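Everything below concerns the one structure shown next.
The values are calculated or read from the model by the stated rules, or taken from the named source; none is laboratory data. Everything numeric here is computed off the predicted structure, so don't read it as measured data. Methodologically, a virtual Cβ is constructed for each residue, glycine included, from the backbone with ideal geometry; neighbour enumeration extends over all protein chains shown. What goes into the accessible areas is simple: the full protein's heavy atoms, side chains included, and nothing from ligands, DNA or RNA. Shrake-Rupley method; radii C 1.70, N 1.55, O 1.52, S 1.80 Å.
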Amino acid sequence: MIKILLVEDDETIAKGLCYLFQQNHYDIIHKNTIDSAKNYLNETKPACMILDVTLPDGNGFTFYKEIIKEMYIPTIFLTAKDEEDDIVKGFDLGAEDYITKPFLTRELLARVNRIIRNMKEKNLITIKDITFDFDKMIVYKHKEKLVFTSLELKILHLLFMNINKVVSRTFIIQKIWEWTGNDVYDNTVTVYLKRIRQKLGTDIIKTIKGIGYRIDEE
């Protein structure tokens with residue numbers, strides 16, 4: 001079953017949503033604090049999150065920015081706030097959707113269904129003659145499997161996860177340090193990107209001068 005993580009401190013809302021999603025064949029897990037949600041995410045990665053912005057032990061926006069975004073978990077912000085600035089902030093952070101209380105539970109279900117459907121369609125992304133299989137973490141050129149080192153593959157995965165968005169050199173340096181624990185220099189990124197491009201043999205990675213790199217949909 002598809003796992004959904006609901007982080008909501010209103011027990012009445014949570015109980016209703018848990019019943020609805022269970023009836024629609026989702027494995028929904030309810031947590032009522034950021035701390036308990038973090039503990040869950042240390043063990044399991046859900047397919048989607050429904051996240052209340054205002055929680056007893058912190059702010060949902062901050063939680064998303066610091067933890068969830070890095071895990072690439074599609075997230076719907078759920079909140080009583082309906083100010084335009086909050087809605088814009090949620091989308092700017094990278095959330096999939098935003099719904100304000102009170103809301104129709106079946107509307108929320110429909111939005112989750114859409115996200116899950118889109119995820120399934122994106123498990124394989126093809127740009128020109130290069131295909132990235134996210135489930136298997138394999139890259140193909142036409143039907144031939146390309147061989148990358150673990151770190152090269154993670155960098156390429158990072159770029160494919162951010163199709164049409166610039167991934168900054170600073171962010172790549174930070175991620176390499178997290179993955180390896182080694183000191184990383186600006187030239188390191190240049191070297192890795194050169195190797196990746198050579199193995200791809202196709203110019204799908206664009207350099208955004210002074211900022212970073214981007215892969216665009218055709």
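Here is the figure for region 110-124: residues that are open to solvent by less than 30 Å² (accessible area, probe 1.4 Å), in contact with a Phe, Trp or Tyr (Cβ under 8 Å, 6 or more places away or on another chain) and at pLDDT below 90 total 0. Evaluated against (1) closer than 16 Å to Asp129 by Cβ; (2) modelled with pLDDT under 95; (3) charged (D, E, K, R); (4) open to solvent by 60 Å² or more (accessible area, probe 1.4 Å), Lys199 falls short on exactly one condition, (2). Could we say that Lys45 is open to solvent by 30 Å² or more (accessible area, probe 1.4 Å), over 28 Å from Lys31 (Cβ atoms), in a loop (DSSP other than H, G, I, E, B) and not aromatic (Phe, Trp, Tyr) here? No, not satisfied.
For region 113-163, how many residues meet the condition of being assigned to a loop (DSSP other than H, G, I, E, B), touching a residue at least 40 places away in the same chain (Cβ under 8 Å) and more than 22 Å from Thr188 (Cβ to Cβ)? Of the residues in region 113-163, 3 are assigned to a loop (DSSP other than H, G, I, E, B), touching a residue at least 40 places away in the same chain (Cβ under 8 Å) and more than 22 Å from Thr188 (Cβ to Cβ).
Of everything in region 180-196 that is part of a helix (DSSP H, G or I) and open to solvent by 80 Å² or more (accessible area, probe 1.4 Å), the residue that is modelled with the lowest pLDDT is Asp186.
Scanning region 48-96 for residues that are assigned to a strand (DSSP E or B) and either modelled with pLDDT under 75 or of a type in the set (Phe, Trp, Tyr) (or both) yields a total of 1. Checked against the criteria, Ile34 does not count as surrounded by 13 or more Cβ atoms within 10 Å (Cβ to Cβ), touching a helix residue (DSSP H, G or I) at 6+ places or on another chain (Cβ under 6 Å), aliphatic (A, V, I, L, M) and farther than 18 Å from Lys69 by Cβ.
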